[in-house]
Amino acid sequence: MFRGQKLTAREFLGFARRFGPPEPHVVDQFHHPEYADILILSDVVRDGKPAGLADAGTYFHTDYSYLEMPARATMLYSIQVPRVGGDTLFANQYAAYDGLPDSLKKKIENLVALHHYGNRDDLEETSRTAASLLTEEQKRRLQWVRHPVARRHPVTGARRSMPSRAARSASRGCPKTRQSTCSTR
């Protein structure tokens, strides 16, 4: 966290590019007007229209898990924050995995979750805010993707959990009572 920074959109994007190429978000109606690699998050409504994606971060998730290759990193630059609340929380998913009992690690070793773009663990569009509804064209660009629940880092091989309330899991290989929460590869 770097407090007290004053960056233009161009400077922010330049800093982000030092960590790799950015990936434009699927919700392109909230891209920065000059830089499509920047997604505007905001709960502000102007002239009856949302100024940005209003419900980003309203639930625990892994950024871009709806893509075959999820985000390696995410950068946030807050311009306006509330006096109380509005906190962004980060969780070390390597520590979360390492802290699991060995018996649970074994149970999830071959589990795979199906991920899609969306909010929470439902597919009901009416449960989402107006800011997060996808256009028909955006829906056509998205596919369900499979990610291991315990994902290996491509370089270090370390395992981490990859939870997301935006993921829905398949039922193959799971007991009937757990079908909404697990699948096997």
Do you know which residues across the stretch 148-163 are of a type in the set (S, T, N, Q) and more than 14 Å from ASP98 (Cα to Cα)? THR156
Determine whether the stretch 45-58 contains at least one residue that is within 28 Å of HIS147 (Cβ to Cβ) and at pLDDT 90 or above. yes
Of the residues in the stretch 79-95, those that are at pLDDT 80 or above and of a type in the set (Gly, Ala, Ser) come to ALA91, ALA95
Return the only residue of LEU13, LEU76, LEU7 being surrounded by 15 or more Cβ atoms within 10 Å (Cβ to Cβ) and either modelled with pLDDT of 90 or more or among the aliphatic types (A, V, I, L, M) (or both). LEU13
Just one listed residue, out of ASP43, ASP55, is under 23 Å from HIS116 (Cβ atoms) and surrounded by 13 or more Cβ atoms within 10 Å (Cβ to Cβ), and it is ASP55
Note on the stretch 106-150: residues touching a helix residue (DSSP H, G or I) at 6+ places or on another chain (Cβ under 7 Å), assigned to a loop (DSSP other than H, G, I, E, B) and modelled with pLDDT of 85 or more are VAL149
Residue that is surrounded by the fewest Cβ atoms within 10 Å (Cβ to Cβ), among those in the stretch 16-27 that are in a loop (DSSP other than H, G, I, E, B) and free of Cβ contacts under 8 Å to residues at least 60 places away in the same chain: ARG18
For the stretch 28-72, enumerate the residues that are without any contact (Cβ under 8 Å) to a residue 12 or more places away in the chain, in contact with a Pro (Cβ under 8 Å, 6 or more places away or on another chain) and outside any loop (DSSP other than H, G, I, E, B). HIS31
Mind listing just one residue for me: the one in the stretch 4-52 that is over 24 Å from SER65 (Cβ atoms) and among the acidic types (Asp, Glu) and, of those, farthest from the chain's Cα centre (by Cα)? ASP47
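The values are calculated or read from the model by the stated rules, or taken from the named source; none is laboratory data. In this text the structure is predicted, and so the values were computed from the model without any measurement. Glycine gets a Cβ as well: all are built from the backbone with ideal geometry, and neighbour counts include every protein chain shown.
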